[in-house]
Every structure is written in C-alpha cells, then in structure tokens.
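The values are calculated or read from the model by the stated rules, or taken from the named source; none is laboratory data. Given the structure is predicted, the values throughout are model-derived calculations rather than measurements. So basically every Cβ, Gly included, is an ideal-geometry build from the backbone, and we count neighbours across all protein chains shown.
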There are 2 protein chains.
Amino acid sequence: MIIDCHGHYTTEPRGLLDYRKRQTAAFAEGRALAPDFTAGDDEIREAIEKNQLRIQRERGVDVTLFSPRAGGMAHHVGDETTSRDWTRACNDAIHRVCTLFPRNFVGVCQLPQSPGVSPASCVPELVRCVEELGFVPSNLNPDPSDGYWTGPPITDRHWYPLYEKLVELDVPAMVHVSTSCNPNFHHTGAHYINGDTTAFMQLITADLFRDFPALRLIIPHGGGAVPYHWGRYRGLAQDMKRPPLTELLKNVYFDTCVYHQPGIDLLLKVIPAANVLFASEIVGAVKGIDPETGHNFDDTKRYVENAAALDAEQRARIFSGNAFRVYPRLKTRVTR
Amino acid sequence: MIIDCHGHYTTEPRGLLDYRKRQTAAFAEGRALAPDFTAGDDEIREAIEKNQLRIQRERGVDVTLFSPRAGGMAHHVGDETTSRDWTRACNDAIHRVCTLFPRNFVGVCQLPQSPGVSPASCVPELVRCVEELGFVPSNLNPDPSDGYWTGPPITDRHWYPLYEKLVELDVPAMVHVSTSCNPNFHHTGAHYINGDTTAFMQLITADLFRDFPALRLIIPHGGGAVPYHWGRYRGLAQDMKRPPLTELLKNVYFDTCVYHQPGIDLLLKVIPAANVLFASEIVGAVKGIDPETGHNFDDTKRYVENAAALDAEQRARIFSGNAFRVYPRLKTRVTR
C-alpha cells in the first residue's frame, strides 16, 4: 500500500475561489463574509479525476493525505475572522473531496491562524476537522505573516495551546508555510524550503518535545536544507550542548518531496527510514517533466523505488508503515 | 595548491571589538565615532597562529580568502555612517592579517551596506579594498536588515551601481548574509542557509546576468538548499519558462562548506566541478569534532578528497584552479 502524505487541493472549485474574492472585497469594506460557496459534485469530481486521481492511478498511489492549497491559506489576509471563515470553507471543500472519493483521499486541515492571534483560536476548527470530518489532521504555518516572520518561533509557548490539543487528539502537524508576500522569497522556491529549514533549527535550540513528548511534527519538502547540511546541524547541536539530533527524530519526520534521484538518495542515506514519509506534493510546486529522465519531476515514487540504500522492509515503511504510526487516525479511514 | 575561499576573522583583536562597543554607544547618544582601534602585531599574530593558521597547516591548506566575521557585519546597526566606519575598521583589520601573513591570507572585504541606502554608497570602500589593500574582493549581504528582508532582491536595479563596479574591477562577490535579529532565524543554522537558497532563487527569476554577463557571484554553504533540491529548481525554472540552470552556472559558483561526506557527495554529483570552490568557513560556524568520523565537522578537505565522483583534474580545479578563474586578482597575490 502506498500513502502520499502531502497532496494539496490545487484544483479547487470556482465557487470556492470566487468566495475568497468576495470575502476579501468585503473585508476591504469593513465587513466579514461567512463561508458561502457552492460547487457541484460533478465539478469537484471532474477536476479530481483529471488531475490528482489520474496521477495517483498512473503512479500506483493508493491514498493521498489531502489538504487545502498551501499558498492559498494566506493567513496574513484580513483578520482573525477572515482566516476563520476562509479556513472553514477550505476544509469543507477538502471534506467534499474525501466524501466523494473515500478510498483515495483523507483530509488534512488548514488552521485559522492569523498574525498576532493566539493559536488557541485554532482549536475549535482543529477539533471539528478531526472529530466531525475525520481528518488526520493539520498543516501548521510557522509564519502567519507570510514572508516577514513577525511572530514567535514554533517552540514558543505562544503555540502551546495548539500543541496540547494535537497531543490530546493524538494527531500530528505538518509544518508548512503558505504564500510569501515578501518579494525576496519566491514562495515555492525559497519560502517553502526556508520555512522547513527554519523550523528544524528552531526545534534544535529549544525543548519543545520535553514539554510535549507525544507531539509529532512533519517537516515537508524533504526537510528543506536539513539533510543536505546534516553535518552542520549535528555539529551546531553539539557545539550548543543540545541533545543529539537522534533525540529530535523521536518526534520529527521528513517527507520525500525532493525532485531528483540524488536528493532522495541523500535523504535516505542520512535520515533513518523510520523518519521518512512518502509524499509527492501533487498537483503542486513543479508540474513539468524532467528532460533528463522523461518522467515528472514530482514523481517521487520512482526515486524511492530506485534508492539503493533501502531494503524492501524500509521501503514499505516509507510508503505506508510510517504513515500509520505518525497518523494513528489513518487506521479508521484506510484499510491496509 | 589548496585555496580556501571562505574564511572569517573570528579571532579579532580586542581593540576592534572594543571600538565597536564604543561606536554603538556613541550612536545611541547621537554621535558617530570614526575608526579608532589599536592592536599590536603580536596580538594579531598570536590569535591567527593559534587558530586559522594552525588549522590551515594541519589540513594542508595554502591560502585562505579572508573576510571579517560575517555575523559581525551587522549592517542593521546604526546608520550609513556607522556602517561605513565599522566596515573600514574591519577591513583594515583584515589587511593587517594579510600584511603579517602575505603567503597565507588574501583579503575579502565587508561592504558598508545599510538598510534602505543605495549600494552605490559601497563603491568607495570596495575600490579602496581592491586598489589600495589588494583584496579580491567582497562579501555582499543580500539582507542588510539582518533577518527581516525588508530590502529589494539582489536582482533589483537598486544593486546595479555595485555590480557595475564589481564588473569594472573584474572581482566577484560572495552573497553572504550577516547576523539575524529575527528570533525565528538562528543565524548560522537558518539565516545563513536560507540566505543562500533565497539568493539563488532570486537569480532564477530575473535577468541579472543578461545585464551583467561578466558578474560572478559565489553562493556559500554549498549553495544553501539548492543542490539538494536541484530537481525542484530545474523544474521551477522550466515551469516558469526561465533559462535552464546551466545558464546561471556561467556566473554562479558554490563553495564546499557542507559538513559531512554525503552532502559533499551530493554537491559534486549535481553541480559541475567547474562551479565549485573549495572552502571550509574556518574558524566558523561549527567548531567541534564529528564523533562519527573523529575529524572536525568543518574539515571539508577530507570530504572533497574522498568524493568518488571526482577525478584528479576536477579535484585540482575545486582546490585552486577555479579560484584563480573566479578571482582573477588572486594571480597577483598568490604564486601557483
């Protein structure tokens, strides 16, 4: 069985995108606009079947953990109410897909974060998504200012109310930034990768998992720059008298969204197979075909299959075994 | 011959650090304090001999391209005058070292950048360092706000007056951030690596080298996350109808400050040997010994020597041949 733990709903129904336009226009006029969009089952079904599901089938992926478009979260837009309404609409759209295709998609929610607002405000939507919608569950944006990093690190107590609920529900979070409003940071080429690197380094310097030993975080995009600079991070931790990185690996996982064979080979050489989750981020950041291989850049299944460092048991863990461990609620949604 | 293109003066004389304290205190009182520090030759000689030169000798490195402590540039401190005075002092300190040890150190200058100030203001100090002090020449901080990225990308016309002078002098720049004031970014663990990744992605999205075909930029720390995500960057460039990355490699170089063998192996697998410059960033970011190898993390010469992907000719290019090409003024300072 193959589970892709990182897919985004990048083929949203027009009605959802139209709601967002009307909502931000209303905000500019000082009004809130509660979730209000319609989309026919046929429209949703067609877009999924032509894109995500077609690719799943072509590549032999069974299930995708499916979350709203990451760049669309745009937590900097509007205020707390704007974010809450938009998030609810996006998560409802994900739920529609998961209801139409219950064997292929399991929901991962966006959180209604907003710059300067306590993440405690995200708890009701998290609970709704896990308990009512069956999500497994959430992305967490470490920079709700979307490119200016004006909030506190993810290790700050500011975030603790959210972590308490994640632990109570026994669900993990993927630390995934959204769009970048900062012209210095291309969103999928710099902000995404920098967000991953930044989050991991924050975890090195703090004792988050002493306070939350059961919290599980996934760092996407192959962990940003971290595996490539694994020696630097091991060395920095040692110089700072921090625990060895193997301690962090009790709580931290990396996905396989690395779009060439040498990158995946490095990832699997330095990070234990128990800490790697299969993912391809479709339909996502890179859509084209690699002229060097004739296959899509984001067809990460090939790279994992070709990785010489893995034996069959390790490969099976990466493709699905680890996912069942990191996302225990998957068991109720997916039959192995 | 082995040339390390990335070493920092992290063992500065007490007088220099004391000047900085007095200077920032004066600024707080609304006054500028012109460069004013003393340091005995013996003090400078002893710190260098016990640290950088000892390590050079132990590892068999002949020459280090030597620049002021990167974290110490701190361009956000004070104003344009503060930065100009501090930069002049730091570059003078580098010149002292290069004069005392002319066979071992060649100067690379800090620039007197300041947030919001045109980089044209850096031209006089650049010219002084190249023409009077014999530097080869400069670091360039892509984020003078030191962790908030409030200025324009390095591809913006804002930077062009500096690039014009770099080209005129036929000298390259290493794109190297300074300290981070942003609590989200650990300076050597996140800000450095993010700065590298960010700069490269800026170069992908713009036509800087169409305007400056002779400009040469070095991205340190093994190119940040770039080689690990080389497939992502190739794919993004293709999706955006940008030129293939091989075009950028006519002007962009990566150094070998990657502190473990698998990282260096990846770098040398995906980046042509002609675009890699030997460097170890001593005495720098990571000072300890890797318990897995028994050698210093930053002893990158071992990794380059052990890299199976290289033949002898490629290794020689990385160790020194490329440096003479990228830094043509080295020829007047160093005899092969």
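State the number of residues belonging to segment B:1-17 that are closer than 30 Å to residue B:313 by Cα and surrounded by fewer than 18 Cβ atoms within 10 Å (Cβ to Cβ).
1
Of the residues A:316, A:285, A:308, A:323, which single one is surrounded by 15 or more Cβ atoms within 10 Å (Cβ to Cβ), within 14 Å of another protein chain (Cβ to nearest Cβ) and among the small types (Gly, Ala, Ser)?
Unique residue meeting the criteria: A:285.
Which of the residues belonging to segment B:195-228 are free of Cβ contacts under 8 Å to residues at least 40 places away in the same chain and facing chain A (nearest Cβ under 7 Å)?
Passing the criteria: B:197, B:201, B:224, B:225, B:228.
Between a residue in segment B:177-194 that is under 19 Å from residue A:142 (Cα atoms) and any residue that is of a type in the set (Gly, Ala, Ser) and in a helix (DSSP H, G or I), which pairs come within a Cβ distance under 6 Å, given they are 6 or more apart or on different chains?
From residues that are under 19 Å from residue A:142 (Cα atoms), the pairs are B:187/B:71.
Restricting attention to segment B:35-53, does a residue exist that is within 22 Å of residue B:181 (Cβ to Cβ) and at pLDDT 95 or above?
No, that holds for no residue.
What do you reckon, is residue B:79 modelled with pLDDT under 95, under 23 Å from residue B:121 (Cα atoms) and surrounded by fewer than 20 Cβ atoms within 10 Å (Cβ to Cβ)?
Criteria not met by residue B:79.
So, in segment A:257-282, of the ones that are of a type in the set (D, E, K, R) and over 20 Å from the mean Cα position of the chain (by Cα), which residue ends up nearest to the other protein chains (Cβ to nearest Cβ)?
A:269
Hey, residue A:292 hits all of (1) within 13 Å of chain B (Cβ to nearest Cβ); (2) closer than 21 Å to residue A:172 by Cβ; (3) loosely packed, with under 15 Cβ neighbours inside 10 Å but one; which does it fall short on?
It is condition (2) that residue A:292 fails.
Limited to segment A:139-155, what total is found for residues that are part of a loop (DSSP other than H, G, I, E, B) and either free of Cβ contacts under 8 Å to residues at least 12 places away in the same chain or of a type in the set (A, V, I, L, M, F, W, C) (or both)?
3
Just checking, does segment A:51-71 include any residue being under 22 Å from the mean Cα position of the chain (by Cα), part of a helix (DSSP H, G or I) and closer than 29 Å to residue A:117 by Cβ?
The answer is yes; a qualifying residue exists.
Filter segment A:1-28 down to the residues that are of a type in the set (Val, Ile, Thr) and under 16 Å from residue A:96 (Cβ atoms), then identify the one that is farthest from the chain's Cα centre (by Cα).
By that ranking, first place goes to A:11.
Residue A:47: out of contact with any Gly (no Cβ under 7 Å at 6 or more places or on another chain), closer than 20 Å to residue A:285 by Cβ and small (Gly, Ala, Ser), yes or no?
yes
Please find, within segment B:229-256, the residue that is farthest from the chain's Cα centre (by Cα) out of those that are touching a residue at least 40 places away in the same chain (Cβ under 8 Å) and more than 8 Å from chain A (Cβ to nearest Cβ).
In this case the residue turns out to be B:245.
Is it the case that residue B:121 is part of a helix (DSSP H, G or I) and farther than 21 Å from residue B:328 by Cα?
yes
A quick yes/no check of all residues on (1) more than 30 Å from residue B:244 (Cβ to Cβ); (2) of a type in the set (A, V, I, L, M):
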residue: B:274; (1), (2): no, yes
residue: B:280; (1), (2): yes, no
residue: B:295; (1), (2): yes, no
residue: B:314; (1), (2): no, no
residue: B:326; (1), (2): no, yes
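Give, as residue ranges, the helices (runs of 4 or more DSSP H) completely inside segment A:162-243 that count at least 2 residues that are closer than 21 Å to residue A:263 by Cβ.
The helices (runs of 4 or more DSSP H) meeting that bar are A:192-205, A:230-239.
Is there a residue being part of a helix (DSSP H, G or I), of a type in the set (A, V, I, L, M, F, W, C) and crowded, with 24+ Cβ neighbours inside 10 Å anywhere in segment A:98-115?
no
Can you give me the number of residues within segment A:124-137 that are in a loop (DSSP other than H, G, I, E, B) and crowded, with 20+ Cβ neighbours inside 10 Å?
Counting residues in segment A:124-137 that are in a loop (DSSP other than H, G, I, E, B) and crowded, with 20+ Cβ neighbours inside 10 Å gives 3.
Within segment B:107-156, how many residues are in contact with a strand residue (DSSP E or B) (Cβ under 6 Å, 6 or more places away or on another chain) and among the charged types (D, E, K, R)?
Residues that pass the stated criteria total 0.
Among the numbered conditions (1) touching a Phe, Trp or Tyr at 6+ places or on another chain (Cβ under 9 Å); (2) more than 7 Å from chain B (Cβ to nearest Cβ); (3) crowded, with 23+ Cβ neighbours inside 10 Å, tell me where residue A:185 comes up short.
(2)
State whether one or more residues within segment B:34-50 are under 30 Å from residue B:315 (Cα atoms), within 20 Å of the chain's Cα centre (by Cα) and touching a residue at least 24 places away in the same chain (Cβ under 8 Å).
Yes: one or more hits.
Considering only residues that are out of contact with any Cys (no Cβ under 9 Å at 6 or more places or on another chain) and not hydrophobic (A, V, I, L, M, F, W, C), which ones fall in segment A:1-19?
A:4, A:7, A:8, A:10, A:11, A:13, A:14, A:15, A:18, A:19
Return the residue satisfying two criteria in turn: it lies in segment B:150-176 and is among the β-branched types (Val, Ile, Thr) and away from chain A (no Cβ under 11 Å), and of such residues it is farthest from the chain's Cα centre (by Cα).
B:167
Okay, residues lined up against (1) over 18 Å from the mean Cα position of the chain (by Cα); (2) at pLDDT below 95; (3) under 22 Å from residue B:183 (Cα atoms):
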{"site": "A:93", "(1), (2), (3)": "no, no, no"}
{"site": "A:100", "(1), (2), (3)": "yes, no, no"}
{"site": "A:108", "(1), (2), (3)": "no, no, no"}
{"site": "A:113", "(1), (2), (3)": "no, no, yes"}
{"site": "A:117", "(1), (2), (3)": "yes, no, yes"}
{"site": "A:127", "(1), (2), (3)": "no, no, no"}
{"site": "A:132", "(1), (2), (3)": "yes, no, no"}
{"site": "A:148", "(1), (2), (3)": "yes, no, yes"}
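Is it true that some residue in segment A:87-95 is surrounded by fewer than 20 Cβ atoms within 10 Å (Cβ to Cβ), of a type outside the set (A, V, I, L, M), closer than 30 Å to residue B:149 by Cα and in contact (Cβ under 8 Å) with a residue 24 or more places away in the chain?
No, every residue in segment A:87-95 fails to be surrounded by fewer than 20 Cβ atoms within 10 Å (Cβ to Cβ), of a type outside the set (A, V, I, L, M), closer than 30 Å to residue B:149 by Cα and in contact (Cβ under 8 Å) with a residue 24 or more places away in the chain.
What number of residues within segment B:18-62 are crowded, with 18+ Cβ neighbours inside 10 Å and within 23 Å of residue B:279 (Cβ to Cβ)?
9
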